[in-house]
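Remarks on the structure that follows.
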Amino acid sequence: MKKVVKFGGSSLANAEQFQKVGEIIKSDKSRRYVVPSAPGKRFDGDTKVTDMLYSCYETAASGEDFTNQLKAIKERYYEIVRGLNLNLSLEEEFKTIQADFKNQSGMEYAASRGEFLNGKIMAAYLGYTFVDAAEVIRFRKDGSFDMETTDKLLTKRLEKCECAVIPGFYGACSDGTVRTFSRGGSDVTGSLVARAIQADLYENWTDVSGFLVTDPRIVENPAVIETITYRELRELSYMGATVLHEEAIFPVRKEGIPINIRNTNSPEDKGTFIVESTCRKPRYTITGIAGKKGFCSINIEKSMMNSELGFGRKILQVFEDQGVNFEHVPSGIDTMTVYVHQDEFEEKEQQVIAGIHRAVQPDFVEMEADLALIAVVGRGMRSTRGTAGRIFSALAHANVNVKMIDQGSSELNIIIGVENRDFETAVKAIYDIFVMTQI
């Protein structure tokens, strides 16, 4: 059995956390490929190493003395090295980094050094082979990721490694120019490694015990989701639920490799399994609740709209011409409503309204701002009667006025629109009716 294990920044913030990680890896011989992030915060108010590197490079790029900033970064790493009692020198690496910063090698190169150096320490600590991600994760010259070339390079290189450490977050173009994924990109690296070695499981270790049914900032101690499908995860991630970088899903999904979200500080917890499909019945009717504030709606009314060919296309064309993405488009016989991000729309609202009038000559156009959208997601909703009824009953009891409802034909999710001020109340009410009433 082969497992890829990725550890986040909080899991590797200091020597004590490194030791926890080492025990986790050594407790299972199948954990043979390790993807580390850069050291995160050691305590509240601390600074992540990646942010220290960004700041240090900005100083270097402006021509100012960055010696003390680089020294502080070096001390963060040597604190870990000493705490692990390793006989490891990083002097050559820091000399190279200092020279490259002086030569202004780029912000992406600077950010990548956090994972690079942590990978060096991890490989020395475990006795694993160090594989520089710049040699096996390939980007094109325009900065886009090259999946096909990466898969070939990774597969070929890791065939020769029984056990390896591959730093997350970065790769390089064919000319050696270092490029990075967006923040949280170590998740993507772990997924790519899992695909390349055809892993049995991709374990993603972080500081939470899996995906939660809803946001813990809204509901205290929400339940953990035991198993979630990729489709459910996609719906929840799109609406703001974040534990895993959403691009990390696709490489392993193509290969049918499950992901297991685990907690470094509570390794006995089973966490959440992310799978293509499952016959396991979910613990609750719903899998999760997620949402976002900051939407507005544009309601277009026109008599006999339903008999006018191309009406919807013409409306959406106006939004496209103005560079505004739409989120949901519920409609009736004589009405069509378009939900958009308020901050994207405000600057272009008058151009859009004028465009709608020119395109379809509506009877009436009305806008409403400060709305929130909530997604109630769950594969169990298909086989359960009255799900929508329970949602609206709970919202009514909580005195929440529903502005919109949208349910796809897949019956995987129900989208509800409410006022921003009712957002937290609505999430709590939905959680209570589906989770708390079953406990």
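The values are calculated or read from the model by the stated rules, or taken from the named source; none is laboratory data. Source: prediction; values computed, not measured. Note: ideal-geometry Cβ built from the backbone for every residue, glycine included; neighbour counts use all protein chains shown. Heavy atoms of the whole protein, side chains included, go into the accessibility calculation; ligands, DNA and RNA do not. Shrake-Rupley method; radii C 1.70, N 1.55, O 1.52, S 1.80 Å.
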Filter result (without any contact (Cβ under 8 Å) to a residue 60 or more places away in the chain, out of contact with any Leu (no Cβ under 8 Å at 6 or more places or on another chain) and either under 28 Å from residue 21 (Cβ atoms) or surrounded by 12 or more Cβ atoms within 10 Å (Cβ to Cβ) (or both)) within the stretch 78-105: 85, 86, 87, 88, 89, 91, 92, 95, 96, 100, 102, 104
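Within the stretch 402-426, restricting attention to residues that are closer than 17 Å to residue 381 by Cα and hydrophobic (A, V, I, L, M, F, W, C), which residue is surrounded by the fewest Cβ atoms within 10 Å (Cβ to Cβ)?
So the first thing to find is which residues in the stretch 402-426 are closer than 17 Å to residue 381 by Cα, and the list is 405-416.
Narrowing the set further to residues that are hydrophobic (A, V, I, L, M, F, W, C) leaves 405, 412, 414-416.
Working: 405: 14, 412: 21, 414: 21, 415: 21, 416: 25.
So the residue we want is 405.
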Exclusive hit being closer than 29 Å to residue 19 by Cβ and surrounded by fewer than 22 Cβ atoms within 10 Å (Cβ to Cβ), set 134, 110: 134
In the stretch 113-131, the residues that are closer than 18 Å to residue 184 by Cα and either of a type outside the set (A, V, I, L, M) or open to solvent by 30 Å² or more (accessible area, probe 1.4 Å) (or both): 113, 114, 115, 116, 118, 119
Residue satisfying all of: in the stretch 1-29; more than 16 Å from residue 262 (Cα to Cα) and assigned to a loop (DSSP other than H, G, I, E, B); nearest to the chain's Cα centre (by Cα) among these: 13
Members of the stretch 173-212 found to be in a loop (DSSP other than H, G, I, E, B), out of contact with any Ser or Thr (no Cβ under 8 Å at 6 or more places or on another chain) and of a type in the set (A, V, I, L, M), listed by number: 199, 208
Single residue of the stretch 85-125 satisfying the filter (part of a helix (DSSP H, G or I) and of a type in the set (Gly, Ala, Ser)) that is nearest to residue 67 (Cα to Cα): 99
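Kindly indicate which of 149, 242 is more than 23 Å from residue 31 (Cα to Cα), in a loop (DSSP other than H, G, I, E, B) and of a type in the set (Ser, Thr, Tyr). Can you show your working first?
On the way: 149 fails: in a loop (DSSP other than H, G, I, E, B).
On inspection, the qualifying residue turns out to be 242.
Provide a single number: the residues in the stretch 253-267 that are open to solvent by 10 Å² or more (accessible area, probe 1.4 Å) and closer than 17 Å to residue 193 by Cβ. Let's see the steps before the verdict.
Step one: of the stretch 253-267, the residues open to solvent by 10 Å² or more (accessible area, probe 1.4 Å) are 253-256, 258, 262-263, 265-267.
If we keep only those that are closer than 17 Å to residue 193 by Cβ too, we end up with 253-256, 258, 262.
Number of matching residues: 6.
Mind listing whichever residues of the stretch 185-230 are of a type in the set (D, E, K, R), closer than 21 Å to residue 276 by Cα and surrounded by 18 or more Cβ atoms within 10 Å (Cβ to Cβ)? Quick ask: steps written out before the conclusion?
The first filter runs over the stretch 185-230 and keeps only residues of a type in the set (D, E, K, R), leaving 187, 195, 200, 203, 207, 215, 217, 220, 226.
If we keep only those that are closer than 21 Å to residue 276 by Cα as well, we get 187, 195, 200, 203, 226.
Scanning the stretch 185-230 gives 187, 195, 203.
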Per-region count, the stretch 268-284, residues open to solvent by less than 10 Å² (accessible area, probe 1.4 Å) and either farther than 16 Å from residue 191 by Cβ or aliphatic (A, V, I, L, M) (or both): 1
Selection count where residues are more than 23 Å from the chain's Cα centre (by Cα), at pLDDT 95 or above and not in a helix (DSSP H, G or I), scope the stretch 132-146: 1
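For the stretch 285-301, check the following and say yes or no: at least one residue is in a loop (DSSP other than H, G, I, E, B) and open to solvent by 50 Å² or more (accessible area, probe 1.4 Å). Give the derivation first.
Restricting attention to the stretch 285-301, the residues satisfying the condition of being in a loop (DSSP other than H, G, I, E, B) are 285-287.
Of the ones still in play, those that are also open to solvent by 50 Å² or more (accessible area, probe 1.4 Å) are none.
No; the residues of the stretch 285-301 include none that is in a loop (DSSP other than H, G, I, E, B) and open to solvent by 50 Å² or more (accessible area, probe 1.4 Å).
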Failed item, numbered, when residue 182 is tested on (1) surrounded by 20 or more Cβ atoms within 10 Å (Cβ to Cβ); (2) of a type in the set (Gly, Ala, Ser); (3) farther than 19 Å from residue 12 by Cβ: (1)
Enumeration of residues in the stretch 85-113 that are touching a strand residue (DSSP E or B) at 6+ places or on another chain (Cβ under 9 Å) and either of a type in the set (Val, Ile, Thr) or more than 16 Å from residue 177 (Cβ to Cβ) (or both): none
Identity of the residue in the stretch 42-62, in a loop (DSSP other than H, G, I, E, B) and over 19 Å from the mean Cα position of the chain (by Cα), that ends up nearest to residue 185 (Cα to Cα): 47
